[in-house]
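Colleague: One structure, pasted below without further comment.
The values are calculated or read from the model by the stated rules, or taken from the named source; none is laboratory data. Just so it is clear, the model here is predicted, and its values are computed rather than measured. When we count neighbours, we look across all protein chains shown, and the Cβ atoms used for this are built from the backbone with ideal geometry, even at glycine. Surface areas here come from the heavy atoms of the whole protein model, side chains and all, with no ligands, DNA or RNA. Shrake-Rupley method; radii C 1.70, N 1.55, O 1.52, S 1.80 Å.
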Amino acid sequence: MSLRIGLSATDALLVADPKARRALLDAAADAGLDHITVGDHISFHGGTGFDGMVSATSVLSTHDTISVVIGVYLLGLRHPMLAARQIATLAQLAPGRLVLGVGVGGEDRSEITNSGVDPRTRGRRMDETLTLLRALLAGDEVTHSGEFCTLDRARILPSPDPAVPIIIGGRGEAAIERTAAHGDGWLAIFATASRFAQTREKILAAAAERGRAPHTFGVNVWCGLDEDPATADRLVGEQMQALYRLPRDKFRHLAPAGTPEQVAEWLSSYVEAGADTITLIPAARSHEAAVEFVAQVRALLLDSLG
């Protein structure tokens with residue numbers, strides 16, 4: 001099995017110093033990391049945010065080879081025509097280096113309502129948007145009158161070549177059905193390895209009934225990394241508390257902390273569960289240390305595969 005290991009680095013990239021961005025991306029690529037993952041939030045828990053498309057652009061335009069995963073883009077809060085144009089433009093800039101992960105959001109419902117969307121409709125809105133996005137990115141002329149969107153002979157050209165993979169984020173039955181119907185793969189977060197394995201099998205079965213075969217299964221994992229396990233635990237607890245406003249104990253079983261060897265051992269259960277892509281969201285003493293430690297985790301996991 002081919003295993004890809006990447007680094008989530010949204011905050012480290014959103015700085016005014018281009019040299020700092022370039023240094024971080026060069027270090028990640030030189031260390032052998034397979035991709036950079038960037039997030040997307042419009043206004044999370046009182047105003048925190050970062051635009052996934054803009055963040056992806058900063059990576060793709062700064063570095064010549066490293067790939068980007070947007071994980072995940074809140075697609076249901078955007079119009080499909082606008083999203084399709086942005087994706088097509090990014091594909092022109094860096095063909096073959098973008099993976100689009102999409103999700104419905106919901107951890108902060110005010111983010112959805114303040115974007116003009118009824119949270120109760122976000123699943124249906126996402127499904128309609130995904131259907132339209134697929135057709136638009138294929139270069140089709142689209143006429144559509146649906147619950148949330150109306151298009152009249154709409155078209156986006158040039159279409160991405162190669163096509164941009166679309167992976168579906170989320171948990172539960174809705175994510176299973178959405179991946180089976182629309183996704184090239186599934187992206188998990190805050191899922192145990194056993195839950196990951198079960199969901200993966202359900203997706204494959206549901207997709208097969210539709211004559212489809214999603215081909216990639218990934219997981220984003222918060223982790224603390226340091227030579228001192230206690231420091232690693234403190235660092236990841238502080239960062240997750242600041243973002244999610246929940247104590248460390250709420251995430252302890254889903255967010256490992258320790259040395260690279262300890263974190264790699266913890267992650268091995270996801271590889272056994274069928275994960276072919278792992279993105280670490282690292283809490284470390286510095287961005288440079290985060291890259292170094294994630295690279296060590298990658299090497300250990302690859303060595304374990306023989």
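Colleague: For n ≥ 4 DSSP H runs only, could you compute -39500 (n - 2.57) per run for the chain, divide by its residues and tell me the 222 nm figure to the nearest 500?
Modeller: -14000 deg cm²/dmol
Colleague: By average Cβ neighbour count within 10 Å, what is the ranking of 45-54, 99-108, 10-19 from highest down?
Modeller: Per-residue mean Cβ counts within 10 Å order the peptides as 99-108, 45-54, 10-19.
Colleague: Relative to the longest principal Cα axis of the chain, at what angle does helix 229-244 sit, 0 to 90 degrees, rounded to 10?
Modeller: The angle comes out near 30 degrees.
Colleague: Relative to the longest principal axis of the chain, what angle (0 to 90°, nearest 10) does the C-alpha long axis of helix 260-272 take?
Modeller: That helix lies at roughly 40 degrees to the long axis.
Colleague: Quick one: with all protein chains in place, what share of the accessible area of the chain is carbon or sulfur, to the nearest percent (1.4 Å probe)?
Modeller: 50 percent
Colleague: If eta is 0.890 mPa s and T is 25 °C, what Stokes-Einstein diffusion coefficient results for the chain, Kirkwood Rh from Cα pairs, in µm²/s?
Modeller: For the chosen part, D equals 124 µm²/s.
Colleague: Would you be so kind as to identify which of PRO214, THR199, ALA175 lies farthest towards the positive end of the dipole of the chain, taking Lys and Arg as +1 and Asp and Glu as -1 on Cβ and the Cα centre as origin?
Modeller: ALA175
Colleague: Relative contact order for the chain: what percent, with Cα pairs under 8 Å and sequence separation of 6 or more?
Modeller: Once divided by the residue count of the chain, the mean separation gives 18 percent.
Colleague: OK, next. Taking K and R as +1 and D and E as -1, what net charge do the other residues with C-beta under 15 Å from the C-beta of LEU305 add up to?
Modeller: My count for the surroundings of LEU305 gives -3.
Colleague: Nearest 5 is fine: what % of DSSP beta bridges in segment 1-160 come out antiparallel, could you say?
Modeller: 30 percent
Colleague: When the scattering of segment 140-198 is computed by the Debye formula from its Cα atoms alone, each counted once and equally, what is log10 I(q)/I(0) at q = 0.19, 0.21 Å⁻¹?
Modeller: Calculated log10 I(q)/I(0) at the listed q: -0.86, -0.93.
Colleague: Report, in degrees rounded to the nearest 10, the 0 to 90 angle that the Cα long axis of helix 80-93 makes with the longest principal axis of the chain.
Modeller: The answer is roughly 60 degrees.
Colleague: Okay, moving on. Please compute the modelled spin-label separation between PHE148 and LEU246, points set 7 Å along Cα→Cβ, answer in nm with one decimal.
Modeller: Simple spin-label model gives 2.4 nm for this pair.
Colleague: Sorted by accessible area (1.4 Å probe), largest first, how do GLU265, GLU201, GLU209 line up?
Modeller: Correct descending sequence by accessible area is GLU209, GLU265, GLU201.
Colleague: Let me ask another. If you take every DSSP beta bridge fully contained in the chain, what fraction is antiparallel? Give it as a percent rounded to 5.
Modeller: 10 percent
Colleague: Additional query: With each label point set 7 Å from Cα along the Cα-Cβ vector, what nm distance links GLU141 and SER61?
Modeller: 3.3 nm
Colleague: In debye, nearest 20: dipole of the chain around its Cα centre with unit charges on the Cβ of K, R (+) and D, E (-)?
Modeller: Dipole size: approximately 800 debye.
Colleague: Could you compute how fast segment 172-249 diffuses translationally, taking Rh as the Kirkwood radius over C-alpha pairs and applying Stokes-Einstein at 10 °C with viscosity 1.306 mPa s? Give it in µm² per second.
Modeller: Using the Kirkwood radius from Cα pairs, D works out to 111 µm²/s.
Colleague: Suppose every K and R has +1 on its Cβ and every D and E has -1 on its Cβ; what is the size of the dipole of segment 243-292 about the Cα centre, in Debye to the nearest 20?
Modeller: I would put it at about 440 debye.
Colleague: So, one more: At 1.4 Å probe radius, can you tell me the per residue accessible area of segment 1-149 in Å²?
Modeller: Spelled out: the 1.4 Å probe surface of segment 1-149, per residue, equals 42 Å².
Colleague: Counting heavy atoms of the protein chains only and a 1.4 Å probe, report the per residue accessible area for segment 157-306 as a whole number of Å².
Modeller: 45 Å²
Colleague: Given Cα pairs under 8 Å that are at least 6 residues apart, what percent is the relative contact order of segment 55-115?
Modeller: 42 percent
Colleague: Taking R0 as 30 Å, what's the FRET efficiency between ARG124 and ARG85 from their Cβ-Cβ distance, rounded to 0.05?
Modeller: E between ARG124 and ARG85, to the nearest 0.05, is 0.85.
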